[in-house]
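The values are calculated or read from the model by the stated rules, or taken from the named source; none is laboratory data. From a predicted model like this one, the values you see are computed outputs, not experimental measurements. For neighbour counting, all protein chains shown are included, and Cβ atoms are generated from backbone atoms with ideal geometry for every residue, glycine included. Side chains included, ligands, DNA and RNA excluded: accessible areas come from the protein's heavy atoms. Shrake-Rupley method; radii C 1.70, N 1.55, O 1.52, S 1.80 Å.
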Amino acid sequence: MSAASAARRVAPELDVAVFEAGGFAAYGMCAIDAGAHQVHVADSGPVDYDALVVAAGASPVRPPVPGLDRPGVFTIRSLDEAVELRRLLDGGTVRRAVVIGAGYIGLETAEALVCAGIEVEVVEALPRVLGNVDEPIAELARAELERHARLRLGTRLDAVHAGGPGSRLTAVADGADISTDLVVIATGVRPATDLLIQAGAAHLADRSVLVDPAMRTSLPDVFAAGDCAALPHLVLGAPAWVPLGPAANKTGRVAGTVAAGGTATFPGIVGTAVVKVFDLEVARTGLTLAEAQAAGLAAIATDVVSRSRAKYYPGGSPLHIRLVHAPDGRLLGGQLAGREGAAKRIDVLATALHAGFTVADLAGLDLSYAPPFAPVYDPVLAAAIKAVQTSPASTAGGPA
């Protein structure tokens, strides 16, 4: 819809058509004929286009286990499912819930269900929660989750069966039965790009579609935006698939503008994200240490525990900061976790990544100070100063 709105603003006279497969629109797109500049729409036949924007998003990954089609099992990817889930919860019959997956969506879902008075158990196949942050930050999230819900790590879902007396369902995880009234599958997503790939669009190994800065695919007059597109990662210097809402909206606006004859480009991403895990804020940007090493980059992690406010000011709490940087001091990424002050401080690090900062540049920033909001040395500065000291080849710039 960002693309359609942008196209309408650029050229109000255009005939703009939107096709959506879900139950809240009238059409479901089923094929693209790029050579003929036609979209073949279910129950409607071919539709000609001068420019086509595909913003099909991502599809939920569903474990290959029996029973996921049973009533009471949800993936919460579509509005249809969300409405159905809300109706079930409003009925007052759900007392226990099992959430499969401990990523962003799984943890946010667990919190929402706990806040609704439901007993929640989270089952995760990996040995840790939040696989897209490094272990020290993930451990803080795990501890906070276990204050409110049960957690099984290193445990796979085997099946979902009909429940016995007193429960709607039985989730089987590594052979153990878990009685429950609700199962939510939150095991990740994959790019919904079958239409584009079948039409011949170039793509990465993960099937996200390659685009240029104007969101053009390799197909003539076909654009892609949102979670189906691989976007330029400014730290990696290469396209990467990082499905997040802000980039989806921005790329939709660019695609719609250019498709309608306007001019726009998308500069790239650094993978900035934040999640609330009950009373804990967890944020990340750029590359984690594990991601940097997987990309073949020499990387160092610097960890600092600071305070969200001046230490003598009431109401403050510990703030954990991890900076990931190269031996020469180039900033590669950062993560924060704490009860306050993490969610928006990450934006300082995201801005630094866009600017190509070193940790010395970061340490030299003139950041704000007042006791209710930060120590004299903001936690970001404290981490940067320590990183300068641990980067033997770091250039001068910050305080000694």
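In the stretch 82-111, the residues that are within 19 Å of L140 (Cβ to Cβ) and aromatic (F, W, Y) reach residues that are surrounded by 19 or more Cβ atoms within 10 Å (Cβ to Cβ) and at pLDDT 95 or above with C-beta atoms within less than 6 angstrom, at least six apart or across chains, in these pairs: Y104/V275.
Consider the stretch 353-392 and keep the residues that are touching an Asp or Glu at 6+ places or on another chain (Cβ under 9 Å) and under 10 Å from R330 (Cα atoms). The one that is modelled with the lowest pLDDT is S391. If you go through the stretch 168-200 and pick out every residue that is part of a loop (DSSP other than H, G, I, E, B) and free of Cβ contacts under 8 Å to residues at least 60 places away in the same chain, you end up with 2. Confirm whether K386 is touching a residue at least 24 places away in the same chain (Cβ under 8 Å), assigned to a helix (DSSP H, G or I) and of a type in the set (K, R). Here the answer is yes, as K386 does meet what is asked.
Would it be correct to say that A186 is touching a Phe, Trp or Tyr at 6+ places or on another chain (Cβ under 6 Å), crowded, with 17+ Cβ neighbours inside 10 Å and over 20 Å from C30 (Cα atoms)? For A186, the condition - touching a Phe, Trp or Tyr at 6+ places or on another chain (Cβ under 6 Å), crowded, with 17+ Cβ neighbours inside 10 Å and over 20 Å from C30 (Cα atoms) - is not met. Out of T155, T217, one residue alone is surrounded by fewer than 21 Cβ atoms within 10 Å (Cβ to Cβ), modelled with pLDDT of 95 or more and either touching a helix residue (DSSP H, G or I) at 6+ places or on another chain (Cβ under 9 Å) or under 30 Å from P127 (Cβ atoms) (or both). It is T155. Annotation: L140 fulfils all but one of (1) open to solvent by less than 40 Å² (accessible area, probe 1.4 Å); (2) under 18 Å from R339 (Cβ atoms); (3) in a helix (DSSP H, G or I); the unmet one is (1).
Across the stretch 171-183, the qualifying residues are those that are in contact with a Lys or Arg (Cβ under 8 Å, 6 or more places away or on another chain) and charged (D, E, K, R), and the one among them that is least open to solvent (accessible area, probe 1.4 Å) is D181. Note on the stretch 116-125: among residues that are open to solvent by 60 Å² or more (accessible area, probe 1.4 Å) and touching a residue at least 12 places away in the same chain (Cβ under 8 Å), the one that is farthest from R86 (Cα to Cα) is E119.
Pairs linking a residue in the stretch 50-71 that is at positive phi to a residue that is surrounded by fewer than 17 Cβ atoms within 10 Å (Cβ to Cβ), with Cβ atoms under 9 Å and 6 or more positions apart or on different chains, are G67/A159; G67/H161; G67/A162. Being charged (D, E, K, R), at pLDDT 95 or above, touching a strand residue (DSSP E or B) at 6+ places or on another chain (Cβ under 7 Å) and over 23 Å from A283 (Cα atoms) is a description that applies to R96.
Of all residues in the stretch 77-92, which are in contact with a strand residue (DSSP E or B) (Cβ under 6 Å, 6 or more places away or on another chain), open to solvent by less than 90 Å² (accessible area, probe 1.4 Å) and over 17 Å from T180 (Cα atoms)? Result: E81, single match. Selection of the stretch 343-376 for residues being buried (at least 24 other Cβ atoms within 10 Å of the Cβ), among the small types (G, A, S) and touching a residue at least 60 places away in the same chain (Cβ under 8 Å) yields only A374. When the strands (runs of 3 or more DSSP E) confined to the stretch 33-92 are screened for residues that are modelled with pLDDT of 95 or more and of a type in the set (G, A, S), none reaches at least 2 such residues. When R147, R168, R128 are checked against the criterion of being of a type in the set (K, R), at pLDDT 95 or above and open to solvent by 60 Å² or more (accessible area, probe 1.4 Å), R147 stands alone in meeting it.
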